[in-house]
1. Please work out which one of (1) exposed (fewer than 14 other Cβ atoms within 10 Å of the Cβ); (2) among the charged types (D, E, K, R); (3) at pLDDT below 80 is the condition residue 46 fails and give its number.
2. Go through segment 170-192 and count every residue that is touching a helix residue (DSSP H, G or I) at 6+ places or on another chain (Cβ under 9 Å) and modelled with pLDDT of 90 or more.
3. Within segment 172-187, is even one residue at positive phi and surrounded by 15 or more Cβ atoms within 10 Å (Cβ to Cβ)?
4. Only one of 41, 69 is surrounded by 10 or more Cβ atoms within 10 Å (Cβ to Cβ), at pLDDT below 80 and not in a loop (DSSP other than H, G, I, E, B); which?
5. What are the pairs, 6+ residues apart or on separate chains, where a residue within segment 165-176 that is closer than 18 Å to residue 135 by Cα and free of Cβ contacts under 8 Å to residues at least 12 places away in the same chain has its Cβ under 8 Å from a residue that is basic (Lys, Arg) and surrounded by 15 or more Cβ atoms within 10 Å (Cβ to Cβ)?
6. Which of the residues that make up segment 41-71 are free of Cβ contacts under 8 Å to residues at least 12 places away in the same chain, of a type in the set (A, V, I, L, M, F, W, C) and more than 30 Å from residue 15 (Cβ to Cβ)?
7. List the pairs whose first member sits in segment 99-118 and is within 30 Å of residue 131 (Cβ to Cβ), whose second member is of a type in the set (Ser, Thr, Tyr) and assigned to a helix (DSSP H, G or I), and whose Cβ atoms are under 6 Å apart, counting only residues at least 6 apart or on separate chains?
8. How about segment 118-161: which of its residues are surrounded by 15 or more Cβ atoms within 10 Å (Cβ to Cβ) and over 21 Å from residue 172 (Cα atoms)?
Amino acid sequence: MGSRERKREERRKRKRRAAGRAPETVSEPANGGGPTGGVAESFEERMARRSEERNTEARAQLKPLAEGERPAAVTAGAIVSALLAIVFTVSAVLAAAGVEVGGRDPEPVPITFFAAVLWLMAWGMYRARYWAVLGFQMVLVLTMLASALGLVQVATILQALATTALLLGSGALFYFLIRAMARIQMPEPPGR
């Protein structure tokens, strides 16, 4: 059997297992076993079981939020979002007033839109809403990418330090928001 057919057969077996059907028994090759024999299949099942056990233990350690409770990381995210929203709101007002930045007139509409989104995320995180934390994490990811790329073209040590601080700060907040999201839990979809 060629490698293409062997891979195709392995793919079919995985699909059957995922669909809940009992997998076909795999006969041992004459040479004493190999990567497609029964040993690899039991190893995969054992790893899946261990992974599910670890997930169950991690879920058991999480305490659900009490009514009105907000994790500290979510509160910090709400404060950061509100501060950014204030900066963008002031920028939008200045852009609407016709202040030039770098010899150009900035457009107030996109700045206003982004300020409104940040205000909405700050309110949502203050209320401990899953969608707000998820949206703010996307803003943090974009900030981390921009600051990592910004490190490539820094001209002074002060710029390098500030960009590194921004990268580390947004990365730390992103990390702490992950566990907070697990405690908040995504709400059930309508109709369930």
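The values are calculated or read from the model by the stated rules, or taken from the named source; none is laboratory data. What you are looking at is a predicted structure, and each value in this text was computed from that prediction instead of being measured. So basically every Cβ, Gly included, is an ideal-geometry build from the backbone, and we count neighbours across all protein chains shown.
1. Evaluating residue 46 over (1) exposed (fewer than 14 other Cβ atoms within 10 Å of the Cβ); (2) among the charged types (D, E, K, R); (3) at pLDDT below 80 leaves (3) as the failure.
2. 7
3. Scanning segment 172-187, I find no residue that is at positive phi and surrounded by 15 or more Cβ atoms within 10 Å (Cβ to Cβ), so the answer is no.
4. Only one candidate qualifies: 41.
5. none
6. 60, 66
7. Cβ pairs passing all conditions: 111/91; 115/89; 118/81.
8. Of everything in segment 118-161, those that are surrounded by 15 or more Cβ atoms within 10 Å (Cβ to Cβ) and over 21 Å from residue 172 (Cα atoms) turn out to be 119, 120, 123.
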